[in-house]
Amino acid sequence: MTETTMAQKASRTWCLRLLPVAFVVCSFLAYYCSYTIIQSSGTTVRPLNSSRTLCSGWLAHRKWEGLNLNISRQKQLFLKLGDFFWRDHGSQLALPYGVKGSELQLLKVLAMTPYYQLPAHIEKLECRSCVVVGNGYVIKNRSLGGVLNSYDVVIRLNNAPVRGYEEDVGNKTTMRFFYPESASVNPSLNNEPDTLMVLVPFKQQDLRWLKEILYDEKRVRKGFWRPPPQIWLGDASKVRVLNPHFMHQTAERLLHIPFPPKAKQVPFHPTTGILAVFVALNFCDVVHVAGFGYPSSQNQRLPIHYYGHDTMNLMKNSNHDLGREAKALRGLEEAGAIVYLHPHL
């Protein structure tokens, strides 16, 4: 082997040895340059979360003006003692649209329930993704449980169970809207320890029921269309009372329910489901829904919930206008304000 050949071989060997070093140096320089550019622009790199991913394509906020829903992202969701203790609340409407005539009941209830909105990690989110989970049979066998659990805020309704139905409806619950007749005796069975139990007061008796529970007073059974629990094992520190402002705006702006009703006319009120959707529109940046929709009125034997055996016969004497609510939901969907997570009628 000649000296020239040996020199060439040695050179190749050194080049191969230097390649890893050159790679490390180049990688460091690329990282340093990128870091310098980012720092000079005043921005920080943050990992993407599901909420921001959803928000990146969310354009519904540009369409609120045309919907004329009087959305206010600053309106407090829950009533607090300070609203009533030192000054006249000034409400001109009675429940469920105001608190006129119920101030004393509220004072006692709010004195026993601490006030704050939602957990700080949710309040501070740049973009809040929310899903309202209805109780409709349409959600059955959809296997949406994992998807529903991925939202920042999960709102559930009344006494709808999650145990045994996790595959379809998940098990995360941030807020549960309820009223006395729809309350379950032991909320811990189908809620998480930090779930907020949000009372939707339709009438004075609803506040009286909660007051009797909180103060362990004698229960009065009159005034309910179905007997509410006489023993309720809910955690008082997790109880909140929904601001009637949202019920009023749901009825007036979203459903256009005539108010006041004509003489001898049974008044219609929003359901907790459509109310929860309107609350979500006020609080969240992304609003998705699942489990909404009733069978047609001709199908009286079809189940209406993903649990139990209730049929449309249950809704015969309801003071809710289901047709009006279905139309309102279609309007919100067509405007891009809400998105359904499954096919629906």
Could you tell me whether region 298-309 includes any residue that is assigned to a loop (DSSP other than H, G, I, E, B), touching an Asp or Glu at 6+ places or on another chain (Cβ under 6 Å), under 20 Å from Arg142 (Cβ atoms) and not basic (Lys, Arg)? yes
Phe224: in a loop (DSSP other than H, G, I, E, B), closer than 27 Å to Ile338 by Cα, among the hydrophobic types (A, V, I, L, M, F, W, C) and at pLDDT 95 or above, yes or no? no
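Listed here are the residues, each with its yes/no results for (1) surrounded by 14 or more Cβ atoms within 10 Å (Cβ to Cβ); (2) at negative phi; (3) in contact with a Lys or Arg (Cβ under 8 Å, 6 or more places away or on another chain).
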residue: Val99; (1), (2), (3): yes, yes, no
residue: Leu106; (1), (2), (3): yes, yes, no
residue: Leu110; (1), (2), (3): yes, yes, yes
residue: Pro114; (1), (2), (3): no, yes, no
residue: Ile122; (1), (2), (3): yes, yes, yes
residue: Cys127; (1), (2), (3): yes, yes, yes
residue: Val133; (1), (2), (3): yes, yes, yes
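Could you check region 86-200 for strands (runs of 3 or more DSSP E) lying wholly inside it with 1 or more residues that are touching a helix residue (DSSP H, G or I) at 6+ places or on another chain (Cβ under 6 Å) and not hydrophobic (A, V, I, L, M, F, W, C)? Can you show your working first?
Values: elements: 129-133, 153-157, 175-178, 196-199.
The strands (runs of 3 or more DSSP E) meeting that bar are 129-133.
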Go through (1) surrounded by 12 or more Cβ atoms within 10 Å (Cβ to Cβ); (2) under 23 Å from Arg156 (Cα atoms) and name the single condition Pro227 misses. (1)
Mind checking which residues of region 296-321 are open to solvent by 40 Å² or more (accessible area, probe 1.4 Å), in contact (Cβ under 8 Å) with a residue 24 or more places away in the chain and of a type in the set (A, V, I, L, M, F, W, C)? Leu302
Tyr179 versus (1) touching a residue at least 40 places away in the same chain (Cβ under 8 Å); (2) open to solvent by 30 Å² or more (accessible area, probe 1.4 Å); (3) more than 22 Å from Val289 (Cβ to Cβ): which is the lone unmet condition? (3)
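Here is a list: Leu196, Leu214, Leu255, Leu233. Which entry is open to solvent by less than 80 Å² (accessible area, probe 1.4 Å), out of contact with any strand residue (DSSP E or B) (no Cβ under 6 Å at 6 or more places or on another chain) and over 28 Å from Arg330 (Cα atoms)?
Details: Leu196 fails: out of contact with any strand residue (DSSP E or B) (no Cβ under 6 Å at 6 or more places or on another chain); Leu255 fails: over 28 Å from Arg330 (Cα atoms); Leu233 fails: open to solvent by less than 80 Å² (accessible area, probe 1.4 Å).
None of the others qualify; the one that does is Leu214.
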So which residues in region 164-184 are of a type in the set (D, E, K, R) and more than 28 Å from Phe202 (Cα to Cα), if there are any at all? Glu166, Glu167, Asp168
Considering only region 96-122, state which residues are more than 14 Å from Lys211 (Cβ to Cβ) and within 23 Å of the chain's Cα centre (by Cα). Pro96, Tyr97, Gly98, Pro114, Tyr115, Tyr116, Gln117, Leu118, Pro119, Ala120, His121, Ile122
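Scan Val287, Val241 and give me the residue that is buried (at least 20 other Cβ atoms within 10 Å of the Cβ), of a type in the set (A, V, I, L, M, F, W, C), modelled with pLDDT of 95 or more and not in a loop (DSSP other than H, G, I, E, B). Reasoning before the result, please.
Working: Val287 fails: modelled with pLDDT of 95 or more.
Of the residues listed, the single one that is buried (at least 20 other Cβ atoms within 10 Å of the Cβ), of a type in the set (A, V, I, L, M, F, W, C), modelled with pLDDT of 95 or more and not in a loop (DSSP other than H, G, I, E, B) is Val241.
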Meets criteria (hydrophobic (A, V, I, L, M, F, W, C), open to solvent by less than 40 Å² (accessible area, probe 1.4 Å), at negative phi and part of a loop (DSSP other than H, G, I, E, B)) for Phe278: no
As an exercise: evaluate Met247 against (1) open to solvent by 10 Å² or more (accessible area, probe 1.4 Å); (2) in a helix (DSSP H, G or I) and give the number of the one condition it does not meet. (1)
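The values are calculated or read from the model by the stated rules, or taken from the named source; none is laboratory data. Computed from a prediction, not measured in an experiment: that's the story for all the values here. Here the Cβ is made from the backbone with ideal geometry for all residues, glycine too, and neighbour counts use every protein chain on show. Keep in mind that these areas ignore ligands, DNA and RNA; they rest on the heavy atoms of the full protein, side chains included. Shrake-Rupley method; radii C 1.70, N 1.55, O 1.52, S 1.80 Å.
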